[in-house]
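Reviewing the structure listed below.
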Amino acid sequence: MAAAEPQAILTPTTSAAMFLTLTIHDGAEDDVRDVLSAINGLRRSVGFRIPEAGLTCVVGVGAAVWDRLFGRPRPAGLHPFRELNGSRHHAPATPGDLFFHLRADRLDLCFELAQLLTDRLDPYARVVDEVHGFRSFDERDLLGFVDGTENPDWPAAPAQVLIGDEDPEFAGGSYVVPQKYLHDLAGWNGLTVEEQERAFGRTKLNDVEFPDAEKAANAHLTLNTIVDENGDQHQIMRFNMPFGRVGAQEFGTYFIGYVRTPEVIEQMLENMFIGKPPGIYDRILDFSTAVTGNLFFVPTNDFLDDPPAPAAAAIPSAEEDTPASGDGSLGIGSLKGSGDESPTS
Ligand code: HEM
């Protein structure tokens, strides 16, 4: 059998993006499945008119609706986003059953497709969060730093982002964690450039990484470098975008990370919010407040085009919808297991 085709995750960065998070009404599951199967067609209808703008749409599905929409099996790593409470900073878990990541080099294409999708879903789902992102100069965030440089490159990227033999029913899928952050720009701009660079562990103007020995323990780069006991680095693919409203003094970064197993992003978040060691939390959080947090599974295009309905007798009870690992642990231990389980294997 031919390998299932992944959704368009690993595509070049674009100058515009829209991020839509929706909740699904009870009883609308059959209709939502129908809309999901139409998404790739709608994307072609809009994108084909201006092919050079590179319109893509990635769809994610949350843990709370998976069984209702599709029954079993379910992706091994799918569970609700786990909120984190550090000594100073909080990463909330917020509602979200469906997620659309729309990207193009023109916002009008994203907007047109978003309009078609939300029109179709209107009777069955509600948009609970909507962000329009834009490229800022040379891929900078609103803190002024180039964002995305250390994403995994080809040919390594698919092995970091796409599920393989460890979950054969869902091979070619992925997980996505979106989080909306609001910045205290006045506070951040009150720092010297040297203090800002120390917070990230990179230079601001020309985006050069500090040598490891010169990186602070609470620098963003220190806390987001995940190396397992075999010396393998576990990476994620980020497509962060700035957004905001100047009149409201709202300045934000929409963080979005794709990964083969959620444990990698969960370890990064634990390092950032709780600290490594606990208390040594990420300095950029003193100027960045997380206001949303979600985890979604990203099925393959083959799954999306023809989504399975739950078998009537197999619809699970509500208790079975609880997180896969109820012990509160991040389960990162399994990353340190045999090479076969490792995303880099
Ligand atoms: C306010 C939100 C955030 C901002 C403004 C931000 C910005 C940045 C910047 C400027 C860099 C350095 C250049 C680069 O490699 O991209 C970076 C690196 C990175 N960030 Fe973030 N980030 C944010 C949130 C997060 C979160 C929530 C995670 C993970 C859960 C994360 C994971 C990473 C990783 C893995 C790297 C690369 C580390 C390396 O290998 O050097 N970031 N981020």
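Kindly write out, for region 24-38 in residue order, the coupling ³J(HN,Hα) from the Karplus curve 6.51 cos²θ - 1.76 cosθ + 1.60 (θ = phi - 60°), rounded to whole Hz, with x marking Gly and Pro.
Karplus values, whole Hz, x for Gly and Pro: 9, 6, 4, x, 9, 4, 5, 5, 5, 4, 4, 5, 4, 5, 9.
If you average the alpha carbon positions of region 102-117 and of region 279-298, how far apart do those two centres end up, in angstrom?
About 26 Å separates the Cα centre of region 102-117 from the one of region 279-298.
Could you give each residue of region 288-305 its phi-based ³J(HN,Hα) in whole Hz, using Karplus coefficients 6.51, -1.76, 1.60 with θ = phi - 60°, and x for Gly or Pro?
9, 10, 6, 10, 9, x, 8, 10, 10, 8, 10, x, 6, 4, 4, 5, 5, 5
From the gyration tensor of the Cα coordinates in region 262-316, what semi-axes in whole Å does the equivalent ellipsoid have, largest first, with each one equal to sqrt(5λ)?
Numbers: eigenvalues 278, 35, 24 Å².
They are 37, 13, 11 Å, listed from largest to smallest.
Given the Cα-Cα distance of Glu194 and Ala171 and 0.36 nm per residue of separation, how much length would full extension add, in nm?
Details: separation 23, 0.36 × 23 = 8.28 nm, distance 4.41 nm.
Gain in length upon complete extension: 3.9 nm.
What is region 16-325's relative contact order, in percent, from Cα pairs under 8 angstrom and six or more apart in sequence?
Working: 621 pairs, mean separation 92.6, N = 310.
Value for region 16-325: 30 percent.
Using a Förster radius of 56 Å, what is the FRET efficiency between Ala38 and Asp232 based on their Cβ-Cβ separation? Nearest 0.05, please.
Between Ala38 and Asp232 the formula returns 0.90.
Does region 220-310 come out rounded, prolate or oblate by the C-alpha gyration tensor, with a ≥ b ≥ c the root eigenvalues, rounded set by a/c under 1.5 and, if not, prolate when a/b is larger than b/c and oblate if not?
It comes out oblate by the Cα gyration axes.
Can you give me the three principal axis dimensions of region 88-198 from its C-alpha atoms, in Å, biggest first?
The Cα atoms of region 88-198 stretch 48, 38, 34 Å along the principal axes, largest first.
Of all alpha-carbon pairs in region 16-325, indicate the percentage at a distance above 24 angstrom.
The calculated P(r) of region 16-325 puts 54 percent of pairs beyond 24 Å.
Laboratory data are not the source of any read-out in this text; all were calculated from the coordinates shown. Everything numeric here is computed off the predicted structure, so don't read it as measured data. Every residue, glycine among them, receives a Cβ derived from its backbone with ideal geometry; neighbour counts consider all protein chains shown.
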